[in-house]
1. Can you compute the charge dipole magnitude of the chain about its Cα centre, using +1 on each Lys and Arg Cβ and -1 on each Asp and Glu Cβ, nothing else charged? Give it in debye, rounded to the nearest 20.
2. When the helices in the chain are scored as -39500 (n - 2.57) per DSSP H run of 4 or longer and the sum is shared across all residues, what 222 nm value do you end up with, to the nearest 500 deg cm²/dmol?
3. Under 12 Å from the Cβ of residue 69, count the other residues' Cβ atoms, weight Lys and Arg +1, Asp and Glu -1, and hand me the total.
4. Between 66, 248, 163, find the one with the highest GNM mean-square fluctuation for the chain; connect C-alpha pairs within less than 10 Å.
5. Would you kindly give the portion of the calculated P(r) for the range 3-277 that falls above 22 Å, as a percent of all Cα pairs?
6. If you build a Gaussian network model of the chain, linking Cα atoms that sit under 10 Å apart, which residue out of 68, 12, 212 swings the most?
7. Taking the Cα centre of the chain as the origin and placing charges on Cβ (Lys, Arg +1; Asp, Glu -1), which of 14, 36, 210 is farthest toward the positive end of the dipole?
8. Mean-square fluctuation check for the chain, GNM, Cα pairs under 10 Å: which of 236, 253, 136 is largest?
Amino acid sequence: MLIDCHVHTNLEGTSKEGFLRALDAAGVDKAVLFSYQPASFSASAAAGGGGAKENVPDPAAALKDLMEWAAYSDRIVPMFWIDPLDEDAQEQVDRAVAAGVAGFKAICNRYYPGDSRPMEVWSRIAAAGKPILFHSGILYADGPCSNYNRPVGFEPLFDIPGLRFALAHVSWPWHDECLAVYGYWHFRRDVGAVTSDMFIDTCPGTPRIYREEVMRKIYGIGYDLEDGIMFGTDGSTKYDAGYTEQILAMDKSALDSCGATAEQREKYYGKNAARFLGL
Ligand SMILES: [Zn+2]
């Protein structure tokens with residue numbers, strides 16, 4: 001089972017049939033699809049954005065669009081992109097859960113993940129039994145915002161009961177810090193201090209020359225990271241099968257050079273994501 005855990009809605013990539021054909025061409029069984037970015041993020045050039053704010057679907061429209069994708073095929077796993085500073089963020093969580101989302105996506109572009117209002121939203125998501133996939137690492141957006149996305153900033157989330165959360169891009173360029181934070185979470189879970197579950201999404205971001213180094217560290221560091229890493233592409237509904245094939249080839253050579261076992265590969269390519277998503 002190959003799961004791409006990181007795919008964005010691109011308003012120009014509207015053919016559902018074409019999307020599934022591209023997944024087939026890349027050999028991807030399931031894709032985790034994020035709803036269109038919230039207005040607070042949409043003036044940025046990142047993540048397929050660049051659109052004017054006035055053209056951005058409101059949260060209800062973004063959720064409706066997302067669920068239409070999910071209804072088209074059970075290979076499309078829907079995640080709602082939430083802005084926890086929206087006044088009705090708590091209600092947005094409830095509405096998305098009621099609509100049947102598999103989880104939530106967030107990018108901390110003007111708040112720290114451990115700030116009190118976001119923490120209340122993450123807690124509500126955890127109480128609903130849903131996971132959250134976060135951007136982490138350098139953030140190309142409107143202005144200075146990368147500092148909100150440093151791995152250590154996510155430590156307060158360890159203490160949210162039952163929360164399943166993932167940091168994307170191995171937090172590049174803070175990949176060492178990301179692995180250290182995972183190690184700290186792993187320690188706290190092992191001593192029974194927390195009940196959260198942490199994951200790392202390896203989607204690029206990480207430039208090619210760092211990728212093999214990152215993989216070597218993941219398999220060599222000794223924090224059972226093989227149980228927490230997930231394959232992703234940071235692609236979009238304008239899915240580029242050739243790009244996914246390039247990442248798969250890059251990862252295969254990195255995994256080969258680490259001597260990763262068949263079982264470790266199965267976890268990386270699908271099993272860990274299935275656990276993250278509660279599939
Ligand atoms: Zn992304």
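1. That gives the chain a dipole magnitude of about 240 debye.
2. -11500 deg cm²/dmol
3. On the way: positive: 16, 64, 75; negative: 17, 65, 68, 74.
So the environment of residue 69 carries a net charge of -1.
4. 248
5. Working: 20150 of 37675 pairs.
The calculated P(r) of the range 3-277 puts 53 percent of pairs beyond 22 Å.
6. 12
7. 210
8. Looking only at 236, 253, 136, the biggest GNM fluctuation is shown by 253.
We did not get these values from a lab; they are worked out from the coordinates using the rules stated. A quick note: this is a predicted structure, and the numbers were derived from the prediction, not measured. Positions of Cβ are backbone-derived with ideal geometry, glycine not excepted, and every protein chain shown enters the neighbour counts.
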